[in-house]
Amino acid sequence: MKTYRELIAERRTYTASQVTHSHSYAQLILPLQGELSIEAASEHFLLDEQQLLYVPPECKHTFHSTMNNEFLVLDIPPVMIPSDRLNHKGIPYSFNNKWRGIRYLILNELDQLAVRPALKELYPYISHHLLYERQPRSIQYIHEHYDKNITVQQLAALEHYNRSYFTDWFLKETGKTPSVYLQEVRLNKAKQLLRDTKLGMLQIALQVGLEHQSSLTRLFNKMEGTTPSHYRKEYSIRGKE
């Protein structure tokens, strides 16, 4: 088993084959392209442009990806981990502008082949966000209940904000309105079901919180410029190449 005594940052890709393991170091997995499905401590996470994940040491996790992908992964030795993150289940974080900035800085150093000293200087800032910046309740609720009818009022109540303030806050936090964010989560889940299952369009629509097959078609047309059936067909063709 690999053990790390210093920070390591690498671009990594994942395959469709499911891998299960644990390790003595923690990992911070930030999206670059595509999606990564991870099950850690009996909880399922889908990492994409909306969500990143902290995986603590000795946490058994299973992961795979069924599409082209690339992720920026930090391997963090236990000695550098905040004490309340040593023994914990996987922790998702909203991929907001602060984390985008962190990703940019790390990638810039990787491109200049000077990542080790730069990471050492940057890590206190990363550690601060690992410790204090938890995924907001409303965003976590969307990822856990996207198959339900969710209102902006419900989400605002989770943050103890009024609806007007919540909408402005959510936009600053994610760069999207609550409704657009929910649509993207549903779209990404629908894509996963189209790729990984043989479920019919109505079944997929219902599983992602849409009442009608036509709603799923409208969602794909609006956000992808194609239909769910065409998306499934194109993915099937690429998978055979």
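Along the stretch 58-68 the Karplus relation, 6.51 cos²θ - 1.76 cosθ + 1.60 evaluated at θ = phi - 60°, assigns HN-Hα couplings of 6, 8, 5, 9, 10, 9, 6, 9, 9, 9, 4 Hz to successive residues, with x for each Gly and Pro.
Counting only heavy atoms of protein chains, what accessible area per residue, in Å², does the chain have with a probe of 1.4 Å?
Numbers: 12650 Å² over 241 residues.
About 53 Å² of surface per residue is accessible.
The charge dipole of the stretch 163-222, taken about its Cα centre with unit charges on the Cβ atoms of Lys, Arg (+1), Asp and Glu (-1) only, comes to about 140 debye. Candidates ILE102, ILE8, LEU182 compared by Cα position along the dipole of the chain: farthest toward the positive end lies LEU182, with charges placed on Cβ.
Taking 29 Å as the cut-off for C-alpha to C-alpha distance, list the pairs among LYS89/LYS120; LYS98/LYS198; LYS148/LYS172; LYS98/LYS189; LYS89/LYS222 that go past it. Over 29 Å apart, Cα to Cα: LYS98/LYS198; LYS89/LYS222. In order along the stretch 184-197, the Karplus-derived 3J(HN,Hα) couplings, from 6.51 cos²θ - 1.76 cosθ + 1.60 at θ = phi - 60°, round to 5, 4, 5, 4, 5, 5, 4, 4, 4, 5, 5, 7, 9, 9 Hz, and Gly and Pro are given as x. In the chain, carbon and sulfur make up what percent of the accessible area (probe 1.4 Å)? Answer for the chain: carbon and sulfur cover 50 percent of the accessible area. For semi-axes √(5λ) of the Cα gyration tensor in Å, several values are listed as (i) 31, 23, 16; (ii) 23, 21, 18; (iii) 60, 20, 14; flag the one computed from this structure. Read-out taken from this structure: (i). May I ask for the angle, rounded to the nearest 10°, between helix 115-132 and the longest principal axis of the chain, with both axes built from Cα atoms and the value confined to 0 to 90°? Rounded to the nearest ten degrees, it is 60. For the chain, the mean residue ellipticity at 222 nm estimated from helices alone is -14500 deg cm²/dmol, where every DSSP H run of n ≥ 4 contributes -39500 (n - 2.57) and the total is divided by all residues, rounded to the nearest 500. The ellipsoid that matches the Cα gyration tensor of the stretch 171-237 has semi-axes, each √(5λ) in whole angstrom, of 21, 13, 11, with the longest given first.
The values are calculated or read from the model by the stated rules, or taken from the named source; none is laboratory data. Not measured: the values here are computed from a predicted model. Quick reminder, even Gly has a Cβ in these numbers, built from the backbone with ideal geometry, and neighbours come from all protein chains shown. We work out accessible area using only protein heavy atoms, side chains counted, and drop any ligands, DNA or RNA first. Shrake-Rupley method; radii C 1.70, N 1.55, O 1.52, S 1.80 Å.
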